[in-house]
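Working notes, structure below.
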Amino acid sequence: MIDLHSHLLPAVDDGARTLEVSVRVLERMVGEGVRGVACTPHLKASAAHEAPVEAHAALRRQLQAVAPAGVSLVSGFEIMLDRPGCDLRLPGLTLGDSHAVLVEFPRAGLPPGATDELLRIRSSGRIPVVAHPERYRGVSVDTMHVWRDVGAVIQGDAPMLLATGDMGRLAREMLEEGVYDILASDNHGDRRSLATVRLWLNEMGGERQGRLLTEENPRRVLADLELERVPPLRPGRSLWQRLRALVGSR
């Protein structure tokens with residue numbers, strides 16, 4: 001598996017606080033089958049011109065040197081689109097050596113012109129990967145279709161698929177409608193994991209969806225290749241009902 005959204009560079013944002021915490025998380029991830037991790041600390045688009053690219057690269061090399069064997073760390077940022085029109089073509093902002101940039105919107109609500117901003121980014125030569133859209137007030141499945149039409153990649157928050165509340169319900173609806181392109185953990189030095197959701201997808205009969213969401217399409221993002229469409233996962237009963245039955249039987 002490849003996890004394209006994490007906050008494991010130590011002590012740079014609200015993620016892992018120490019190198020030791022980062023290493024422990026990576027050890028667990030490797031044990032669960034993760035082989036690639038993008039380190040994506042927070043960055044405001046309005047501050048992209050002064051992003052600490054070199055400092056973070058040095059931290060990533062330090063972490064890679066003590067990380068468990070079998071995992072590769074790649075660069076990136078989670079860029080808050082706090083102001084429209086910012087230049088995201090600057091060196092060092094992309095996920096690895098790709099043309100993809102991981103972006104997010106404020107949770108309180110989508111700003112006016114959100115779709116236009118994604119189209120502008122795509123037209124500039126960058127591929128916007130929209131982080132955890134199920135968190136944004138006012139978003140719907142129809143919104144995701146529009147964003148994909150303008151060239152955005154939709155990154156679901158994997159743990160949210162198992163969550164309660166409105167965000168969890170929307171995440172499962174997006175999976176059922178096939179609008180997610182990739183899943184990521186958004187790990188902040190904690191227990192968030194791709195593996196739990198991958199197992200759940202397998203239990204739901206979604207082996208193919210799990211492979212595309214956590215292996216094939218993340219690999220394609222990093223290689224600037226066209227993504228495979230992820231089929232809708234619509235079991236007879238709702239995913240949440242099946243999850244509750246699965247948990248209750250153990």
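The values are calculated or read from the model by the stated rules, or taken from the named source; none is laboratory data. Computed from a predicted structure; not experimentally measured. Here the Cβ is made from the backbone with ideal geometry for all residues, glycine too, and neighbour counts use every protein chain on show. What goes into the accessible areas is simple: the full protein's heavy atoms, side chains included, and nothing from ligands, DNA or RNA. Shrake-Rupley method; radii C 1.70, N 1.55, O 1.52, S 1.80 Å.
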- In Hz, Karplus ³J(HN,Hα) per residue of segment 33-40 (6.51, -1.76, 1.60; θ = phi - 60°; x = Gly, Pro): x, 7, 10, x, 9, 8, 8, 10
- With -39,500 (n - 2.57) per DSSP H segment of 4 or more residues and division by the full residue count of the chain, the 222 nm estimate, nearest 500 deg cm²/dmol, is -10500 deg cm²/dmol
- Note on the structure: Connecting every pair of Cα atoms under 10 Å apart in the chain and solving the GNM, the largest mean-square fluctuation among 129, 12, 197 falls on 12
- Message: Quick query: amide H of residue 187 versus all other amide H atoms, modeled in the peptide plane; which residues come in under 5 Å with a sequence gap of 5 or more or a different chain?
- Response: 7
- How many Å² of accessible area per residue for segment 124-177, probe 1.4 Å? 35
- Built amide H within the under 5 Å cut-off of residue 78, gap 5+: 42, 43
- Roughly to the nearest percent, how much of the accessible area of the chain is carbon and sulfur, given a 1.4 Å probe? 50
- Message: Running a GNM on the chain with Cα contacts under 10 Å, which residue among 202, 187, 217 ends up with the highest mean-square fluctuation?
- Response: 202
- Task: Would you mind working out the magnitude of the charge dipole of the chain relative to its Cα centre, with +1 at each Lys and Arg C-beta and -1 at each Asp and Glu C-beta, to the nearest 20 Debye?
- Result: 580
- Karplus couplings for segment 42-52 from phi (6.51 cos²θ - 1.76 cosθ + 1.60, θ = phi - 60°), rounded to Hz, Gly and Pro as x? 5, 7, 7, 4, 5, 10, 4, 5, 10, 4, x
- Query: Once the convex hull of the C-alpha atoms of the chain is built, how many Å³ does it hold per residue, rounded to a whole number?
  - Reply: 117
- Along segment 81-89, what does the Karplus equation 6.51 cos²θ - 1.76 cosθ + 1.60 (θ = phi - 60°) give for ³J(HN,Hα), rounded to whole Hz, x for Gly and Pro? 7, 7, 8, x, x, 6, 7, 9, 8
- Among 214, 196, 94: highest mean-square fluctuation, GNM of the chain, C-alpha pairs under 10 Å: 196
- Message: For residue 228, what residues show an amide H to amide H distance below 5 Å, using hydrogens built from the backbone and excluding near sequence neighbours?
- Response: none
